[in-house]
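The values are calculated or read from the model by the stated rules, or taken from the named source; none is laboratory data. In this text, all values refer to a predicted model and were calculated from it rather than measured experimentally. Note that we place each Cβ from the backbone using ideal geometry, even for glycine, and neighbour counts take in every protein chain shown. Ligands, DNA and RNA are stripped out before the accessible areas are found, and what is left, the full protein with its side chains, is counted by its heavy atoms. Shrake-Rupley method; radii C 1.70, N 1.55, O 1.52, S 1.80 Å.
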Amino acid sequence: MEGKTKKTILAVVLTLVLLVGAVVGAVLIFRSCGVDLSVATADEANVSTYDESTQNGSTELTDAPTENTTPTLPNGEEYTLTQDWDKLKSINTEIKGWIHIPNTDVNYPVLEHEGDGAGEQYYLHRNFDKSYLFAGSVFIDYRSSKGVNSKNIITHGHNMNNGSMYADLVDYGKYSGNLDVYKKAPTLFFNTEKGVEQWVIFAVYKTNTLERHGEFFNYFIGDFTSDAQYMNYIYNLKERSLFDIPVPMNENDQIITLSTCSYEYSEFRTVVVARKVRAGENVKAYIDKAELNPDPLWPDVYYTDYATKRPELTTFRTEYNSDNVPWYDGKGDLEGNEWLPAVKGRSTFTVSFTDCNGEIIKTQTVSQGKDATPPPDPQRPDDDYYIYEFAGWQLPYTNVQRDMIIAPSYNPVLKEEWR
């Protein structure tokens with residue numbers, strides 16, 4: 001009798017512990033899986049075709065070592081953070097850079113996977129050592145085909161609920177810019193094996209990914225077919241920016257793009273863009289003169305909700321000929337077609353299912369409003385006291401409207417000997 005009483009007490013205690021753990025786990029999973037934390041990739045987008053033979057004046061970056069800028073912050077303080085590249089490469093040869101925004105929590109290695117392409121971003125949910133990590137890594141978009149030597153180094157990072165990865169990017173502004181945040185963190189360092197390189201932020205903008213929110217601005221252009229096309233891209237960034245920052249730009253400059261999820265509207269993105277600081281350049285004056293842009297260009301959905309007239313957008317060449325680009329300091333009269341390739345906004349989403357350990361066991365692309373197909377019920381091993389029966393999936397996978405990672409639920413059944 002005494003033995004059975006002890007078993008009963010133990011069973012009650014174990015059940016309570018298990019229930020508490022299940023509740024905590026459900027909360028954590030909901031915060032991760034119930035919120036869209038995907039990066040801004042348009043893998044299913046249809047890129048409009050164009051004839052590259054009509055392009056000329058193609059912009060190129062050489063593989064020669066760049067001349068490092070003075071490693072100082074805009075206020076003159078010395079920048080001392082460096083990386084041990086031999087050690088990093090011994091961990092993973094796909095670590096190509098290190099990104100750091102002083103006065104923020106953005107301070108991470110940057111990965112590039114050779115096999116990435118439409119439908120595959122290797123480090124979306126992998127750590128820098130290739131182990132599984134839901135938060136993933138900061139990684140270079142496959143459309144920056146020359147990697148760190150691309151004219152536009154496009155990088156992606158999750159906006160995590162705990163403030164990690166690229167979460168701090170949204171602090172630069174929501175529906176309008178936050179000048180205090182910008183002036184606190186106006187530059188970033190993108191360091192490579194070639195050395196420490198400082199970049200000054202010149203644009204922060206919001207963009208959509210869903211077709212129902214209007215025309216999609218294709219910012220996934222890593223390499224350009226002409227100087228004219230590149231400068232038209234820069235013009236588009238300037239017009240969309242929440243800030244007016246008088247950073248001069250020309251066809252010889254290299255830029256880096258940081259993209260993360262934001263929630264002004266469903267599936268929106270916050271995009272921060274910086275230019276590499278030129279040799280001997282002092283960027284403090286640009287930062288001091290930064291102002292809010294009174295009329296940045298937003299996606300169409302913004303003008304549906306607000307009684308605001310949409311600003312007119314032309315092209316760089318049109319504005320240059322009208323002497324309306326005071327920030328341009330290049331040679332002018334650029335050759336080549338300035339046309340920017342367009343893509344359609346997202347109409348499909350990525351749905352992944354995990355096992356009891358959080359490992360992804362199935363990933364599929366689902367059209368908006370359609371249902372995902374789950375894998376066979378994943379099993380959870382028994383322990384000393386319980387048998388675990390699959391109870392279903394923690395999130396609905398019908399009428400899909402966002403990217404999701406869905407974990408399983410289990411009902412614990414006390415083993416016969418403990419009843």
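Each label point was placed 7 Å from the Cα along the Cα-to-Cβ direction; for R278 and I387 their separation is 7.5 nm.
Solvent-accessible surface of protein heavy atoms, probed at 1.4 angstrom with all chains present, puts S241, S322 in the order S322, S241, largest first.
Take 196-202, 269-275, 110-116 and order them by the average number of nearby Cβ atoms within 10 Å per residue, most first; the result is 269-275, 196-202, 110-116. Evaluated at q = 0.17, 0.22, 0.25, 0.27 Å⁻¹, a Debye calculation over the C-alpha positions of segment 372-419 (equal weights, vacuum) places log10 I(q)/I(0) at -0.59, -0.79, -0.92, -1.01. Here the simple spin-label model places points 7 Å from the Cα toward Cβ, and for Y397 and A285 these points are separated by 5.9 nm. Modelled spin labels at N411 and N127, positioned 7 Å past Cα toward Cβ, are 3.6 nm from each other.
Solvent-free Debye calculation, one equal scatterer per alpha-carbon of segment 152-267: log10 I(q)/I(0) at 0.11, 0.18, 0.22 Å⁻¹ equals -0.39, -1.11, -1.62. For the Cα trace of segment 332-419, dividing Rg by the Kirkwood Rh returns an Rg/Rh value of 1.35.
Taking 41 Å as R0, compute the FRET efficiency from the Cβ-Cβ separation of N161 and W339 and round it to 0.05. Each step should come with its number before you reach the end.
Working: r = 40 Å, r/R0 = 0.97.
Working from the Cβ atoms, E equals 0.55.
How would you classify segment 93-180 from its alpha-carbon gyration tensor, with a ≥ b ≥ c the square roots of the eigenvalues: rounded for a/c under 1.5, else prolate if a/b is greater than b/c, otherwise oblate? In terms of gyration-tensor shape, prolate. Both radii were evaluated on the Cα set of segment 73-230; the Rg over Rh quotient, with Rh as the Kirkwood radius, amounts to 0.95. What separates the Cα centres of segment 166-224 and segment 340-400 is a distance of 31 Å. Sorted largest first by accessible area at a 1.4 angstrom probe radius, with every protein chain in place, the residues T373, T192, T304 fall in the order T304, T373, T192.
Taken over segment 131-200, the convex hull of the Cα atoms encloses 139 Å³ per residue. Beyond 27 Å, the tail of the calculated P(r) for segment 187-326 holds 22 percent of the Cα pairs.
Based on C-alpha pairs under 8 angstrom that are at least 6 apart in sequence, segment 257-312 has a relative contact order of 19 percent. Restricted to Cα atoms, segment 268-359 shows a radius of gyration and a Dmax of 20.2, 62 angstrom.
Among K206/K331; K183/K284; K238/K284; K206/K370, which pairs are too far apart, with a Cα-Cα distance over 21 Å?
Listed pairs above 21 Å: K206/K331; K206/K370.
The Cα-based radius of gyration of segment 229-278, divided by its Kirkwood radius, gives an Rg/Rh of 1.00.
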